[in-house]
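Trainee: Can you keep this structure in mind? I'll have questions shortly.
The values are calculated or read from the model by the stated rules, or taken from the named source; none is laboratory data. Just so it is clear, the model here is predicted, and its values are computed rather than measured. Here the Cβ is made from the backbone with ideal geometry for all residues, glycine too, and neighbour counts use every protein chain on show. Just the protein is used for accessible areas: all its heavy atoms, side chains included, with ligands, DNA and RNA removed. Shrake-Rupley method; radii C 1.70, N 1.55, O 1.52, S 1.80 Å.
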Amino acid sequence: MWSNLPSDLLTNIFSFLSADSFACAKSTCRHWQACACTTADYNHYPHGLTKRPFLPHNFHPPWFIALPLHNHGLCCYALNPINNNWYVLSLDFLPDPVRPVGPLESFLLLRPSNSTFLQLGMCNPFTRQYKPFPMLNIRRTNPAVGVVHLSTLSFPRNSFCEINATRNSFLNSRVYVAGGMSEASRQGATYEPTLEMYDPQLDAWRIVGSMPMEFAVRLTVWTPKESVYCDGVLYWMTSARAYSLMGYEIGSNTWRELSVPMADELEFAVLVSRNGSLTLVGGGACVFGVCTWELGEGDVWVLVEKVPSELEMRFLGERGSWGSTKCVGSDGAIYLYRDLWSGMVVWREVGDGNKWAWFWVEGCFSIRGKRVRNLQIKGVLIHPNLVPSFIL
């Protein structure tokens, strides 16, 4: 009976599985494997894109992907948050050494480390696929990069289309590049007060706005590559104390600056998105630990949570300083981490409601009995997709 089930019914069942359970289901038999990689035609989709594989990824928490800051064996490490198991993923399919930029839906946004000027590409480390982006219109050094996830396109309401709409929301994302240094006359360089946007449906960059020169300098010199998009505004955090926020209102093509709570006392500060709200995670000795604020009405920051003291002590160990703390977050989880070996403090959503709880997760010392070396890492949260993508 199982072998005679309709493909669309099996596909719908598979859509509720976690990534590891889906991998097991794919390996059960040839029929299930073929069903897991089924494609469907959607002639109504823009530019004639058809034959799109599908696998939804919003039923389970995102995986923590640890990417080495320097090239060590061309691999990365993935944490399954359901069972806290670590896996190693080879990146030897990439054409060049890369540095992580951030998440792009279920993909990793990367930049080659052997290029002075910014170039971007994306990959799926689970399916070993890579796509380079076209060159920017203006060659830039060290600009800020931001990702915007737009609302999903409207699809007919049937099981195939609903699953595939979730899967291909990348086509409704936009990548922004702001500021940076560009070439000037007489072999010089100057700050670039413009923005460019990458449209994945057109596979092209276009200049979409400008900014005050002061903002171009700060985005180039004092801003890390992480960004958060919330309520029509793309935000970046300055990386120098005292911290502050710069926001680009996409609809009106205007810029704004926001203050940060306890800006001159935080030893680290990171922006994340939590349940659709702009959230600030920061800590320091003067703050007495790590706090989480959300931006409320009237641009007022509201304290919503603090890391439990026992987890703070376990995380700090003998260091006693929050200066090397890193943070990454999504709508379902926030991770505090340092390096590959160090344990992580995790605040994540549990159950079906809006309840969040704190957890301790061990670092990656070994995988399948084989010891791994300790590395400086950048953490990224993505929903793993095990189906090869038509866009790569």
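Trainee: Identify, please: which residue in the stretch 311-347 is touching a residue at least 12 places away in the same chain (Cβ under 8 Å) and charged (D, E, K, R) and is, among those, surrounded by the fewest Cβ atoms within 10 Å (Cβ to Cβ)?
Mentor: 314
Trainee: Test residue 192 against the stated conditions and say whether it is of a type in the set (D, E, K, R), over 24 Å from residue 276 (Cβ atoms) and buried (at least 16 other Cβ atoms within 10 Å of the Cβ). Let's see the steps before the verdict.
Mentor: Values: of a type in the set (D, E, K, R): yes; over 24 Å from residue 276 (Cβ atoms): yes; buried (at least 16 other Cβ atoms within 10 Å of the Cβ): yes.
It is true that residue 192 is of a type in the set (D, E, K, R), over 24 Å from residue 276 (Cβ atoms) and buried (at least 16 other Cβ atoms within 10 Å of the Cβ).
Trainee: While we're on this one: Within the stretch 182-209, how many residues turn out to be of a type in the set (Ser, Thr, Tyr) and in contact (Cβ under 8 Å) with a residue 40 or more places away in the chain? Break it down stepwise before answering.
Mentor: Within the stretch 182-209, the first condition is being of a type in the set (Ser, Thr, Tyr), and the residues that meet it are 182, 185, 190-191, 194, 198.
Going one step further and asking which of them are in contact (Cβ under 8 Å) with a residue 40 or more places away in the chain, we end up with 182, 194, 198.
Number satisfying all stated conditions: 3.
Trainee: Testing residue 379 on (1) closer than 29 Å to residue 24 by Cα; (2) within 23 Å of the chain's Cα centre (by Cα); (3) open to solvent by 30 Å² or more (accessible area, probe 1.4 Å), one condition comes back false. Which one is that?
Mentor: Every condition holds for residue 379 apart from (3).
Trainee: Suppose we keep only residues that are crowded, with 19+ Cβ neighbours inside 10 Å and of a type in the set (Ser, Thr, Tyr) within the stretch 195-227. Which one would you say is farthest from residue 142 (Cα to Cα)?
Mentor: Selected residue: 198.
One line per residue, one yes/no per condition, for (1) surrounded by 21 or more Cβ atoms within 10 Å (Cβ to Cβ); (2) of a type in the set (Ser, Thr, Tyr); (3) at pLDDT 95 or above:
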position	(1), (2), (3)
85	no, no, no
90	no, yes, no
142	no, no, no
153	no, no, no
161	no, no, no
179	yes, no, no
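Trainee: Taking residue 378, is it in contact with a Leu (Cβ under 8 Å, 6 or more places away or on another chain) and among the charged types (D, E, K, R)?
Mentor: For residue 378, the condition - in contact with a Leu (Cβ under 8 Å, 6 or more places away or on another chain) and among the charged types (D, E, K, R) - is met.
Trainee: Considering the stretch 228-282 alone, what residues qualify as being among the hydroxyl-bearing types (Ser, Thr, Tyr) and surrounded by fewer than 23 Cβ atoms within 10 Å (Cβ to Cβ)?
Mentor: Our first condition is that a residue be among the hydroxyl-bearing types (Ser, Thr, Tyr); within the stretch 228-282, this holds for 229, 235, 238-239, 243-244, 248, 252, 254, 259, 273, 277, 279.
Listed by number, the residues that qualify are 229, 235, 238, 239, 244, 252, 254, 259, 273, 277.
Trainee: Would you pick out the residues in the stretch 18-33 that are without any contact (Cβ under 8 Å) to a residue 24 or more places away in the chain and either part of a loop (DSSP other than H, G, I, E, B) or over 15 Å from residue 385 (Cβ atoms) (or both)?
Mentor: Our first condition is that a residue be without any contact (Cβ under 8 Å) to a residue 24 or more places away in the chain; within the stretch 18-33, this holds for 21, 24-25, 27-28, 30, 32-33.
Of everything in the stretch 18-33, those that are without any contact (Cβ under 8 Å) to a residue 24 or more places away in the chain and either part of a loop (DSSP other than H, G, I, E, B) or over 15 Å from residue 385 (Cβ atoms) (or both) turn out to be 24, 27, 28, 30, 32, 33.
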